[in-house]
Amino acid sequence: MTYPPNVRTAPPPVAPSPLPPRPSVPPPGPAGAGGLRELGRDGADRLRRAARTEPGRLRLLGAALALLVIVFGAVTAWQSSDRYASADDVVSRGQTVKDTADLYGALADADTQAATGFLAGATEPADVQAAYRGDVSRAGTLLSGVAENTAPGSRSADLIASISRQLPVYTGLIERARAENRRGLPLGGAYLRYANDRMTRPGGILPAAEALYTEESSQLGAESGAARTWPYAALALGVIALYALARVQRRNYRHTNRVFNRGLLTATAACTAALLWLVAGQALGNIGLHNADRHGQRSLTALNAARINALKARADENLSLVSRGSVVAADGKTDKYEVDFGAKTKALSGDLGRAESLADDGPGRTPVAAAVDAVATWQTRHRLGSRAGADGRFQDARAALDGSGTTSEQAFNEVNKSIATAIQHEQDEFTTSAKHGRGALTLVWLGAAVLAVLGAVSAILGVGRRLSEYR
């Protein structure tokens, strides 16, 4: 029996087993909220580790001191600069307030001169006509100047626009009244009264000018109050900075038995100088601005009110001659302009009494006292002319009220002149005091910034000197 040859046969190939899949790894991306928290924890850990060593603690103290001094300097510079800007606005707005008061005076005097010229008859005196035209021209110039210093869209800008719209209408009515008067027609008196009504009625030219003066005076008071406000944040930071510097120096002394550290001592001196400069500058600035308000602006407010009432009273006096009793008061019996004249002169006397009590020196009191005496003379002469008019003696009434000599017009001119002298004196006092107040605040912000930088650098150098001992 035969067998097949012994041939080895290869086993069938075995398929390789599949490899386990690799886990997918997300691509690296930006750190999210978790990453930020992790970074924050790492930073906090580093700070804690640094705080456990003396060099680390010194570095933290140096950085904190430098930051505190810089913040003190920045806040001081900001607040002192803000006070200086307000003080500068007080100086400039003081002139604007004066211009608005002069604007009212020019408008009221133009109305008075128009009535005076009308009473002269068909031939208006050349000096009266020149005075009227000069008042109207000056009012236009003042109106333009005030408008340049007024913010668009403000209430002052609206009042200026109202005056600008109404003034040409008023001057047109005055010219029409003159034309009718030259023709000898009584219609001229009606036009004059209508023009005066456009000037004095609520919402008219003079009320708008008075409201403009009041608005600018209110803004002046607000600016003065802002400039005189103490910078409490800067003062508090200055005290805190000095306290921190003192504590660090005391700590340095306890650790090294060294009394002085030049860097920290220089930083303390710089902060002390900045704080003292801030206190002294604000105190001197407040004194100047307070004097400007107490001895200048308050007196000017009373004097400007007196001038306004004097001009109104004079206009009422002339219109009483023009109307000849045709315009009656609310009671239906007495002349309206006579009633208004009495009310205005009473208010005028009160304003002058207040101005006299506010005057702080002889040059301020003397013209006010002269105005008080002139008002008494004015009232006496007015009563004489008023009685003549009531008796039907129109020419005698006109002779008593208008013209040179011992007339009511001459007494009014004395009142107006004395008030103008007092206003000029008080305006000079206001401007001088306000400039002194502004001057005291001029360089405080710059000094604070320079001293703060010096203090911060010195604090870092002082701590660095201490750190060098560990190397």
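Observations
- In the set A459, A434, only one residue is within 30 Å of L264 (Cβ to Cβ) and in a helix (DSSP H, G or I); that residue is A459.
- Residues satisfying the stated conditions in the stretch 107-129, i.e. among the acidic types (D, E), at pLDDT below 85 and not in a loop (DSSP other than H, G, I, E, B): D127
- So A226, is it part of a helix (DSSP H, G or I), touching a residue at least 60 places away in the same chain (Cβ under 8 Å) and closer than 30 Å to T442 by Cα: yes
Yes/no matrix, rows are residues, columns are (1) farther than 21 Å from D316 by Cβ; (2) surrounded by fewer than 16 Cβ atoms within 10 Å (Cβ to Cβ); (3) over 25 Å from the mean Cα position of the chain (by Cα):
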{"site": "G105", "(1), (2), (3)": "no, no, no"}
{"site": "R133", "(1), (2), (3)": "yes, yes, yes"}
{"site": "A161", "(1), (2), (3)": "yes, yes, no"}
{"site": "E180", "(1), (2), (3)": "yes, no, yes"}
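- Residue in the stretch 162-180 that is among the basic types (K, R) and outside any helix (DSSP H, G or I) present: no
- Filtered residue count, the stretch 184-219, keeping only those that are touching a residue at least 60 places away in the same chain (Cβ under 8 Å) and not β-branched (V, I, T): 17
- Scanning the stretch 233-286 for residues that are in a loop (DSSP other than H, G, I, E, B) and aliphatic (A, V, I, L, M) returns a single hit, V259.
- Under the condition of being without any contact (Cβ under 8 Å) to a residue 40 or more places away in the chain and of a type in the set (S, T, N, Q), the residues counted in the stretch 245-267 number 2.
- Residue list for the stretch 81-114, filter: over 29 Å from A448 (Cβ atoms) and touching a Ser or Thr at 6+ places or on another chain (Cβ under 6 Å): V97
- The sole residue among L242, L284, L289, L235 that is over 28 Å from the mean Cα position of the chain (by Cα) and either surrounded by 15 or more Cβ atoms within 10 Å (Cβ to Cβ) or in contact (Cβ under 8 Å) with a residue 60 or more places away in the chain (or both) is L242.
- Exclusive hit being of a type in the set (A, V, I, L, M, F, W, C) and over 16 Å from L206 (Cα atoms), set L159, L58: L58
- Pairs, first among the small types (G, A, S) and outside any helix (DSSP H, G or I) in the stretch 396-410, second surrounded by 15 or more Cβ atoms within 10 Å (Cβ to Cβ) and at pLDDT 75 or above, C-beta under 7 Å, six or more apart: G403/E409; S404/Q410
- Taken together, the residues in the stretch 325-340 that are in contact with a helix residue (DSSP H, G or I) (Cβ under 7 Å, 6 or more places away or on another chain), modelled with pLDDT under 80 and not hydroxyl-bearing (S, T, Y) amount to 4.
- Set side by side, the residues R250, R198, R228 differ, and just one is charged (D, E, K, R), in contact with a helix residue (DSSP H, G or I) (Cβ under 7 Å, 6 or more places away or on another chain) and over 30 Å from G439 (Cβ atoms), which is R198.
- S224 being surrounded by 17 or more Cβ atoms within 10 Å (Cβ to Cβ), over 30 Å from W78 (Cβ atoms), modelled with pLDDT of 90 or more and hydroxyl-bearing (S, T, Y): no
- G362 meets the conditions (1) within 30 Å of T432 (Cβ to Cβ); (2) in contact with an Asp or Glu (Cβ under 8 Å, 6 or more places away or on another chain); (3) surrounded by fewer than 20 Cβ atoms within 10 Å (Cβ to Cβ) in every case but one. The failed one is (2).
- Test: E414 is within 23 Å of A226 (Cβ to Cβ) and touching a residue at least 40 places away in the same chain (Cβ under 8 Å): no
The values are calculated or read from the model by the stated rules, or taken from the named source; none is laboratory data. These figures come from a predicted structure and were not determined experimentally. Cβ coordinates were reconstructed from backbone atoms using ideal geometry, including for glycine residues, and neighbour counts include every protein chain displayed.
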